[in-house]
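Enquirer: For reference, the structure I am asking about is given below.
The values are calculated or read from the model by the stated rules, or taken from the named source; none is laboratory data. Keep in mind that what you see is a predicted model, and the values were worked out from it rather than measured. Don't worry about glycine lacking a Cβ; one is built from the backbone with ideal geometry, like all the others, and counts go over all protein chains shown.
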Amino acid sequence: MKKIVFIGIYMLLLVSCKTYLDKNNNNIDNEAFYLEYYEDYNKLVYKPTVGVIMDTEKHNKQHYETKIPKKIINWRIINGVFYLEFGSNQIIIIDAGYSKPERRKQEWSLSDISSDLINKYMYRYDKNFEEDVKPKKKKTTKLYSDGKTKIILYNTNSNEFNNYHSLLKSFKYIN
């Protein structure tokens, strides 16, 4: 009987633990992006080669690179928007849009974010977006933007927000 209880507890612990994707040095590298894992941070480089054609003109997604926090649990790319999930339902969303030289960039600023914008991005990420992932009162949700690129720090633990934000300040456009 003790063996059954022990095996049951062991299996529960095994199933309930999430593994960080950046725990090992298994960098992810493909045609559209790569994630490099460093000791204190990770680096995301996004350079997709597939674009869209609008009015006979080809438009590519904006290429960029940025530092991002450690302890990634999950990531997704949905329509060229990067979603990086961390523990406690913390999510960083990066939407750099399309590369358009005529589009004027502004100074980067950090601001509050509308619930409509949160819902737009989070519904894409999780079709069952409901109370369990909505921003919590003791957490921080902000928009970091230069008028062209939107970086959403969603549901960030207050004690980790400054670190997340300082890493994302390294964001830069690349060719």
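Enquirer: Restricting attention to segment 86-105, which residues are within 15 Å of the chain's Cα centre (by Cα) and either surrounded by fewer than 19 Cβ atoms within 10 Å (Cβ to Cβ) or at pLDDT below 90 (or both)?
Expert: GLY87, SER88, ASN89, GLY97
Enquirer: One residue is enough: does segment 88-105 have a residue meeting the conditions under 18 Å from LYS148 (Cα atoms) and without any contact (Cβ under 8 Å) to a residue 12 or more places away in the chain?
Expert: So far as segment 88-105 goes, yes, one or more of its residues are under 18 Å from LYS148 (Cα atoms) and without any contact (Cβ under 8 Å) to a residue 12 or more places away in the chain.
Enquirer: Output the residues belonging to segment 40-74 that are at pLDDT below 90 and out of contact with any Ser or Thr (no Cβ under 8 Å at 6 or more places or on another chain).
Expert: Of everything in segment 40-74, those that are at pLDDT below 90 and out of contact with any Ser or Thr (no Cβ under 8 Å at 6 or more places or on another chain) turn out to be PRO48, THR49, VAL50, GLY51, VAL52, ILE53, MET54, ASP55, THR56, GLU57, LYS58.
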